[in-house]
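The values are calculated or read from the model by the stated rules, or taken from the named source; none is laboratory data. This one's a predicted model, so the numbers in the text were calculated from it and none came from an experiment. In this analysis, Cβ positions are derived from the backbone assuming ideal geometry, glycine residues included, and neighbour counts consider all displayed protein chains. Accessible surface is based on the protein model in full, side chains and every heavy atom, while ligands, DNA and RNA are left aside. Shrake-Rupley method; radii C 1.70, N 1.55, O 1.52, S 1.80 Å.
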Amino acid sequence: MKQRYSQHTLENFCKALLMAVEVPAAEALIVSSILVDTSLEGVDTHGISRLPIYLSRILNGRINPKPSIQKNLNDAIASVDGDNGLGQLVAYRSMALAIELAKEYGLGFVTVKNSNHFGAASTYCKMAAQERMIGQAYTNSTSGIPPWGGKSPYFGTNPISFGFPNGDQPIVIDMSSSTVARGNIILAAKEGRSIPEGWAINKDGNSTADAKEALQGAVLPVGGAKGYALALAVEVMSGIISGSAYGTHVGWIYDDSLEPVNIGHSFFALDISRLMPFEDYAQRMTDMIGEIRDVPRADGADAIRIPGERRQSIAEERKKNGIPINDGLFQELNELATKFGLSILE
C-alpha cells in the first residue's frame, strides 16, 4: 500500500532530514524542493527515493553537506568545482550560472567536476525554459552500460536533457543513453521485483530479468550501437572536458567506498531573443505543435503527445491527490526521522 502526501508536507520533511545532517537551511530547501518536484512528476526513481542514500553518505563523510562551490569564469564559459556537495545543489547553482551568463552573452556554458548524482536532468533544463531560454544538461554516472560489442560496463547511463520554452508547460526531453535509467533497476532490486528482458545483462553477458543480477552486470545501450555512441558523447561533454572522473573511474554511491564519486556535468543556456523576437519563437512553436498533433494517428494510438506532457499530467494528479510513497520508502524515511528526533510521516 502507498501512502500519499502533499508536496508541501514532503518538502518540509525532506528539508528537516537534510538539516539534521548539517546541510544549511537554504541549501536543504533547494535540494528538498528538487527531490519532491521530481517525484511530483512521477520520476520516482530519481526523487525522494534517493534521499536515504544521500543522507547515509553525508553521515559517513562521502558527501560534503557544506560545500564551498567554486566557479572560474571565462566570458560566456565557466567551470565549477562542486567540492563534493549534493548533486542537486551543485547542479542548481551551475545552471543558474549558465542562465546568468546567457543573459549577458546570449549563451552560457558551464562544466562541473567534483559533484554527485543530481537526480533528473530535466530539472535544470526547466530552469532555463522558465527564463525564456533553451536549456541543455549532460551528466556522466557510475559505469552501467558496455561499449557496443563488450559485456562489461564502462559508460554510465549518461543522460542528456533539453528544455524548450512553451507557454506554461515547457517541452522537456530527458533520456538516458541506456534502454532504461539505472534507477529503475535499483528500485526494482530494492522492492524485490523482476525487470523486463532486454533491459540488462548479467556479469557473464547474458540477458537477465533479475534486477540484482543486472546491477552486477550491465544495462544495455538504447538503440544498440547508437546508444553506445551517445553515451560516449555525453561522457566527453560531462566527464572529459570538466576534469571530473570518467568511465570506470566514476565512483558508485551505493558501494562501501568512502572516496568521492566525482561525477561531472555540463549545462547550456541559450537566450532565444538573441536569435529572433521571443514572440516569433513562441508562435512558431505553437504552429509546429499544432501540426504534430494533426498528424494522422497510428492504429491503436489514443493521442500524439509532446515530450514532457506525461510528466505534467502526473504532476497535476499528484498535486490534487498527493505524492505516493511506497511502504518500503515510508519505513526507511520514518526510521531516519526517528533517529534524528524529528516528526515522522503519519
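What is the dipole size for the chain, taken about its Cα centre, with +1 at each Lys and Arg Cβ and -1 at each Asp and Glu Cβ, in debye to the nearest 20?
300 debye
Placing +1 on the Cβ of each Lys and Arg and -1 on the Cβ of each Asp and Glu in segment 242-299, which of 276, 252, 296 has its Cα farthest towards the positive end of the resulting dipole?
After comparing all options, I get 276.
Keeping every protein chain in place, order 204, 83, 256, 271 by accessible area at 1.4 Å, biggest value first, i.e. largest first.
256, 204, 83, 271
Using the Karplus curve 6.51 cos²θ - 1.76 cosθ + 1.60 with θ = phi - 60°, work out ³J(HN,Hα) for each residue of segment 239-252 in order, rounded to whole Hz, and write x for Gly and Pro.
Each residue of segment 239-252 in turn: x, 5, 6, 7, x, 7, 5, 8, x, 6, 7, 6, x, 10 Hz.
Let me know the shape class of segment 1-77, please: from the alpha-carbon gyration tensor, a ≥ b ≥ c as square roots of the eigenvalues, rounded when a/c is under 1.5, otherwise prolate if a/b is greater than b/c, or oblate.
prolate
Check the straight Cα-Cα distances from residue 339 and name the aspartates and glutamates below 16 Å, setting aside those fewer than 8 residues away within the same chain.
22
So if I take the centroid of the Cα atoms in segment 19-62 and the same for segment 194-223, what is the distance between those two points in Å?
Here the answer is 28 Å between Cα centres.
Which GluC sites (Glu not before Pro) in segment 168-234 sit in a loop by DSSP (not H, G, I, E or B) and have at most 15 other Cβ atoms within 10 Å of their own Cβ?
Answer by residue number: 197.
Could you name the lysines in cross-link range of residue 151, using Cα to Cα under 19 Å and dropping any fewer than eight places away on the same chain?
Here the lysines satisfying the reach criterion relative to residue 151 are 203, 212, 226.
In whole Hz and in residue order, list the ³J(HN,Hα) couplings for segment 40-49 that follow from phi through the Karplus curve 6.51 cos²θ - 1.76 cosθ + 1.60, θ = phi - 60°; x for Gly and Pro.
Ordered by residue, 3J(HN,Hα) equals 4, 7, x, 8, 5, 5, 10, x, 4, 4 Hz.
Once you wrap a convex hull around the alpha carbon atoms of the chain, what is its projected area averaged over all directions, in nm²?
18.1 nm²
Separation of segment 136-169 and segment 171-192 by C-alpha centroid, Å?
Value for the Cα centre distance between the two parts: 11 Å.
Can you list the residues, at least 5 places off or on another chain, whose amide H is less than 5 Å from the amide H of residue 178, using H built in the peptide plane?
Placed amide hydrogens put 222 under 5 Å from residue 178.
Only sites in a loop by DSSP and with at most 14 other Cβ atoms within 10 Å count here; which trypsin sites (Lys or Arg not before Pro) in segment 266-346 make the cut? Could the numbers behind the result be given before it?
Numbers: sites: 274, 284, 293, 297, 305, 310, 311, 318, 319, 320, 339; in loops: 297, 305.
Passing both the DSSP loop test and the Cβ count: 297, 305.
From the Cα gyration tensor of segment 176-309, with a ≥ b ≥ c the square roots of its eigenvalues, which class applies: rounded if a/c is under 1.5, or else prolate if a/b is larger than b/c, or else oblate?
oblate
What list of ³J(HN,Hα) couplings, whole Hz, do you get for segment 126-139 from phi and the Karplus terms 6.51, -1.76, 1.60, once you set θ to phi - 60° and write x for glycine and proline?
5, 4, 5, 4, 5, 9, 6, 10, 8, x, 9, 9, 10, 8
Which shape class applies to segment 204-250: rounded if a/c is under 1.5, otherwise prolate when a/b exceeds b/c and oblate if not, where a ≥ b ≥ c are the square roots of the Cα gyration tensor eigenvalues?
oblate
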